[in-house]
Amino acid sequence: MRIFWVILFLALNALAETAVGDTANVVENTDSANVVASADTASAVADTADPDTAVLERHSVPLPRLSAYTGYGLLVGLAFGLYNPTEECDCLGVWQGQFEYFYNDWISAGGDVRFFGGDLDADKSVLYQRYRINTRFHFPQGRWSWYVSPVVGFESTDLEEIREEWHQRDMEGWIPGVSTKNEQEVEDCEKMFSLDGFSIGVDLGGGIEFWNTLGATASILYEYNFGGAQLLTIAPGIAYNLQAVWPWSKKHLSAAWVSIETGFQRFFNRSVDSWAMSGYLGAVIGF
């Protein structure tokens, strides 16, 4: 009987020692895992805190009129170009500035100003100003995006010298320095730059990013001026992504595009029977 109790005691003692050893191993392994996890977390925090090593992944899609889809932040654009009203008018210089702010990933609001200046013909010069504000409703689809936008505009033209001579002509069909057969063409030039007042319209456009470097844009803008004119503008363009070759912009900017945009504009209800053409070189950056 005593031998039985001795054997039972030795067996229980062996089981207890085995259990203690297993528990120690589990604790040791758990501590090691916690140490590794803590080290990984600390490393991640350090990388995030270091602006030189933390690269912010940005993605944007070019859009017409010096814009881009980012879904957040502020966009600012600037462009220069030429505007050719008709074959009978001289080309004018144009510059445009715009801004746009994203309230969320599907709605943005902004405005733009466009100045046309130069010699309308051999004797007259013109300064034509257009101001517009808009709200865009965006529909992003990955590498491409489209939008629809109501537009409100204001036009102001300095054509007093032309208008004064026009209204002071001594006989019907006479314009200083212009033959009768060319009178209609010169009148068309004036009509294109005499839309003083307000206008409303709708803009439908979009853009696509083909690769990480190139993109294309297009838009159709219809406007009604309260002076009785209607304008239709078709504007295709191509864009180059600066973030593909400019590392700083990829870290600090939400978008950086250089674009070339053309425009074809037609006036209705003002007896103008030709298309005006324009071309712009511009850039847009996002913050």
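Just a few scattered comments:
- Pairs are defined by a Cβ separation below 6 Å, a sequence spacing of at least 6 or placement on different chains, a first member in the stretch 85-102 that is in contact (Cβ under 8 Å) with a residue 60 or more places away in the chain, and a second member that is part of a strand (DSSP E or B) and of a type in the set (Lys, Arg); the pairs so defined are Gln96/Arg114.
- The test for being within 15 Å of the chain's Cα centre (by Cα), at pLDDT below 95 and surrounded by 15 or more Cβ atoms within 10 Å (Cβ to Cβ) does not hold for Leu231.
- Across the stretch 118-142, the qualifying residues are those that are at pLDDT below 80 and not in a strand (DSSP E or B), and the one among them that is surrounded by the fewest Cβ atoms within 10 Å (Cβ to Cβ) is Ala122.
- Residue that is modelled with the lowest pLDDT [pool: residues in the stretch 241-280 that are hydroxyl-bearing (Ser, Thr, Tyr) and part of a loop (DSSP other than H, G, I, E, B)]: Ser271
The values are calculated or read from the model by the stated rules, or taken from the named source; none is laboratory data. Since we're looking at a predicted model, the values are computed, not measured. Don't worry about glycine lacking a Cβ; one is built from the backbone with ideal geometry, like all the others, and counts go over all protein chains shown.
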